[in-house]
Amino acid sequence: MSELLVDFITSLDGYASGEGWPGFWGLEGSEYLAWLGEQPEVTYLMGANTYRLMSGFAAGEVPTGQDEFRPEEEASVDELTQATKVVFSSSLEEPLTWANATLVRDDAVEAVRKMKSSGSGLLSTIGSLSLCRSLLRAGLVDRFRVVMFPVITGATGEERIYDGYPDVALEMIEHRTFDGRIQLVEYKPRVLEHPPLVVPE
């Protein structure tokens, strides 16, 4: 059975990106990049908006506000191009132009449920806030990981991650600091029907 990881990279105030900021908010360090390079092979899950954005980067479109990709950003996009990707969308048309990407028009929750039960290895989201929210609500997420960068993007932040989420209890299973400034926290999530009546000690 496959395991599903929701994986976010965020500012401290919970934004997935910020207008005018480079990838990783320009704060990735050697320790963090080395850890990224050690991650196991995964199948990435994404929606149409993330596909359009990331496949555009893979085709050479530079993020707004930048003249060119930094080497770290280029390496990240190259790794994504080589990885297996599943794209859930009713608006995209086949064939998808980004290498190793498969289009699925079926309901994403049911499709991922089948992928988990019939497959092996690790499934991981990338971006795709509404997809992540739907998978979490459905109780399909095994691990919820957030890497927080030490910036607050109150003025320029885009894509607030947790708006519309249910209440979720989080049991910490890993935490780590990279380069003395980047904080990873990883949890086992449990969706709540209502706030707990007793706060655990």
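Computed values, structure above
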quantity	calculated
Rh (Kirkwood; distinct C-alpha pairs) - the range 148-201, Å	13.9
Accessible-area ranking of Y165, Y51, largest first, probe 1.4 Å	Y165, Y51
Solvent-accessible area per residue, Å², over the range 1-115 with all protein chains present [probe radius 1.4 Å]	54
Over the range 69-176: Kirkwood hydrodynamic radius from C-alpha pairwise inverse distances, Å	16.5
Spin-label pair S118/E31, simplified geometry with 7 Å Cα→Cβ offset, distance in nm	4.3
Between the range 1-52 and the range 88-161, the alpha-carbon center distance in angstrom	11
Sulfur and carbon atoms: percent of accessible area, the chain [1.4 Å]	50
Linear extension gain, R105 paired with M1, 0.36 nm per residue minus alpha-carbon span	35.2 nm
Residue order for S76, S55 - accessible surface, 1.4 angstrom probe, largest first	S76, S55
Cα-based Rg of the range 50-92 normalised by 2.2 N^0.38 Å, two decimals	1.24
Modelled FRET efficiency - R0 30 Å, L197 with H175, Cβ distances, 0.05 increments	0.65
Of every Cα-Cα pair in the chain, the percent that sits beyond 21 Å	55
Compactness index (Cα Rg / 2.2 N^0.38 Å), the range 13-59	1.37
Intensity falloff of the range 121-161 expressed as log10 I(q)/I(0), Debye formula with alpha-carbon point scatterers, at q = 0.16, 0.19 Å⁻¹	-0.54, -0.71
Amide N proximity, the range 7-29 versus D67 label position 7 Å along Cα-to-Cβ, cut-off under 19 Å	20-23, 26
Extension reserve of the R190-S130 stretch, reckoned as 0.36 nm per residue once the Cα distance is removed	19.8 nm
Low-density loop cleavage sites - GluC sites (Glu not before Pro) in the range 46-135, where at most 16 other Cβ are within 10 Å (DSSP)	E61, E68, E93
Förster radius 22 Å - calculated FRET efficiency between T156 and A59, Cβ distance, rounded to 0.05	0.30
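The values are calculated or read from the model by the stated rules, or taken from the named source; none is laboratory data. What you see is a predicted model, and the numbers here were worked out from it, not measured in a lab. As a convention, Cβ positions derive from the backbone with ideal geometry for all residues, glycine included, and neighbour counts pool all protein chains shown. These accessible areas exclude ligands, DNA and RNA; they are computed on the full protein's heavy atoms, side chains included. Shrake-Rupley method; radii C 1.70, N 1.55, O 1.52, S 1.80 Å.
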